[in-house]
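Please treat every number below as a calculation from the coordinates, not as lab data. A quick note: this is a predicted structure, and the numbers were derived from the prediction, not measured. Every residue, glycine as well, gets a Cβ built from its backbone with ideal geometry; the counts of neighbours run over all protein chains shown.
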Amino acid sequence: MDSFTYMKIQILMSTYNGSRYIRTQLESIVAQNIENKELLIRDDGSTDDTVSIIEEYQRRYPWIRYYKEKNIGVQKSFFDLLKQADTSADYIAFADQDDEWLPDKLKRAIEILEGREQQIPLLYCSNKIITDENLQPMHITVTSQVKKTSFGNALVQNICTGCTAVINRSMVQILQENIPQNIDKVIMHDWWLYLTAACFGKVYYDQNPYIRYRQHGSNTLGAMVSQRKLLGYRMKQLFQPRGEIYRQNEEFLVTYKWKLKERRYLEEYYLLTQILRTEKRIYDRIKVAFNKKYFRQKCEDDIIFRGILIIGKL
């Protein structure tokens with residue numbers, strides 16, 4: 001037997017009116033080539049057949065558990081799941097309700113994280129195969145590109161798609177002990193994962209995809225699959241009130257200020273407080289705009305980020 005036989009991995013899934021696609025996702029989780037796995041589902045107040053489908057699978061697979069709560073939205077639902085996460089598990093993974101995992105998705109993540117320094121928070125995330133609602137690969141003209149991960153990148157961009165994320169026990173512990181007080185300020189739970197791991201631990205991004213990421217009309221957040229769609233999104237954002245990144249970074253500072261004051265995190269503390277000062281001071285905007293420690297992954301996105309920063313639209 002290999003070491004995977006003895007490892008426990010818990011999968012956290014939030015569901016909401018997902019009856020149309022959830023069977024495919026559940027079947028792909030069942031098919032994962034990890035022996036000791038557990039699926040914990042929080043239903044966010046579904047009004048369709050989602051819960052009855054979950055109960056059907058629960059009867060067949062006793063390692064599937066669920067609880068039903070009132071509707072609070074996807075990011076609060078995932079933070080609630082984090083509170084319930086099993087701290088004895090070696091790894092925790094996150095799942096959406098409407099994708100399809102390839103059979104070795106979890107095993108690949110564990111292979112990358114095993115042997116790393118488990119005493120610090122670790123985050124694995126990966127690329128994805130973007131598909132239409134029938135799980136047929138889409139023609140993508142906007143390429144995914146991750147050159148490197150860092151806290152400076154995490155402050156201004158998220159490279160972690162939550163349904164690809166796997167974290168270790170140390171990461172679970174720091175997240176459970178520091179649930180943000182104002183979750184509404186968190187843009188998405190996966191961005192919070194990236195911020196936390198990039199600040200206090202390590203992030204491993206896998207360019208290989210192990211998930212069919214379904215795009216359909218009910219997606220909470222979708223992928224930018226074309227240059228036209230991406231340009232339209234950027235133009236729309238320029239003419240709307242901004243500040244979400246500032247609010248999220250403020251909440252990160254409030255949540256982790258006690259830890260950021262430790263000597264080993266002084267650089268991260270400086271990067272965080274410096275970018276927060278740019279909201280009100282043009283001098284600091286210019287200073288940060290020329291600081292290469294803050295960056296977005298693609299060259300064109302990086303240029304746009306610095307322009308948005310200068311005009312105070314971050």
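For segment 3-214, the C-alpha radius of gyration divided by 2.2 N^0.38 Å, with N the number of residues, is 0.96. Subtracting the Cα-Cα distance of ARG281 and LEU253 from 0.36 nm times their residue separation leaves 8.2 nm of extension gain.
Beyond 31 Å between alpha-carbons counts as too far, so tell me which of LYS107/LYS313; LYS76/LYS148; LYS128/LYS287; LYS107/LYS148; LYS8/LYS70 fall in that bin. Beyond 31 Å: LYS107/LYS313; LYS128/LYS287. Are there trypsin sites (Lys or Arg not before Pro) in segment 44-143 that DSSP puts in a loop and that have at most 14 other Cβ atoms within 10 Å, and which ones? The qualifying sites are LYS70, ARG116. When only the Cβ of Lys, Arg, Asp and Glu is charged (+1, +1, -1, -1), the dipole of the chain relative to its Cα centre reaches about 1480 debye. Here the sum of -39500 (n - 2.57) over DSSP H runs of 4 or more residues, divided by the residues of the chain, equals -12000 deg cm²/dmol at 222 nm, to the nearest 500.
Here each label is just a point 7 Å from Cα along the line to Cβ, and for LYS70 and ASP49 those points are 2.9 nm apart. Label-to-label distance, GLN119 versus GLN84, with points set 7 angstrom from Cα along the beta-carbon direction: 3.4 nm. Cysteine residues of the chain whose Cβ has no partner cysteine Cβ closer than 4.7 Å: CYS163, CYS199, CYS299.
Taking a straight line from the alpha carbon of LYS147, these aspartates and glutamates sit under 16 Å away, with near neighbours fewer than eight places off in the same chain left out: ASP206, GLU300, ASP301, ASP302. Fewest neighbouring Cβ atoms within 10 Å first, the residues ASP96, ASP301 line up as ASP301, ASP96.
Among VAL254, VAL172, VAL146, a tally of other beta-carbon atoms within 10 Å of each Cβ gives an order, fewest to most, of VAL254, VAL146, VAL172.
Rounded to the nearest 5, what is the percent of antiparallel bridges among the DSSP beta bridges in segment 3-214?
DSSP beta bridges in segment 3-214 are roughly 25 percent antiparallel.
Among ASP132, ASP44, ASP302, the order by Cβ neighbours within 10 angstrom, fewest to most, reads ASP132, ASP302, ASP44. The aspartates and glutamates within cross-link reach of LYS280, meaning a Cα-to-Cα straight distance under 16 Å and a gap of 8 or more places when in the same chain, are GLU244, GLU250.
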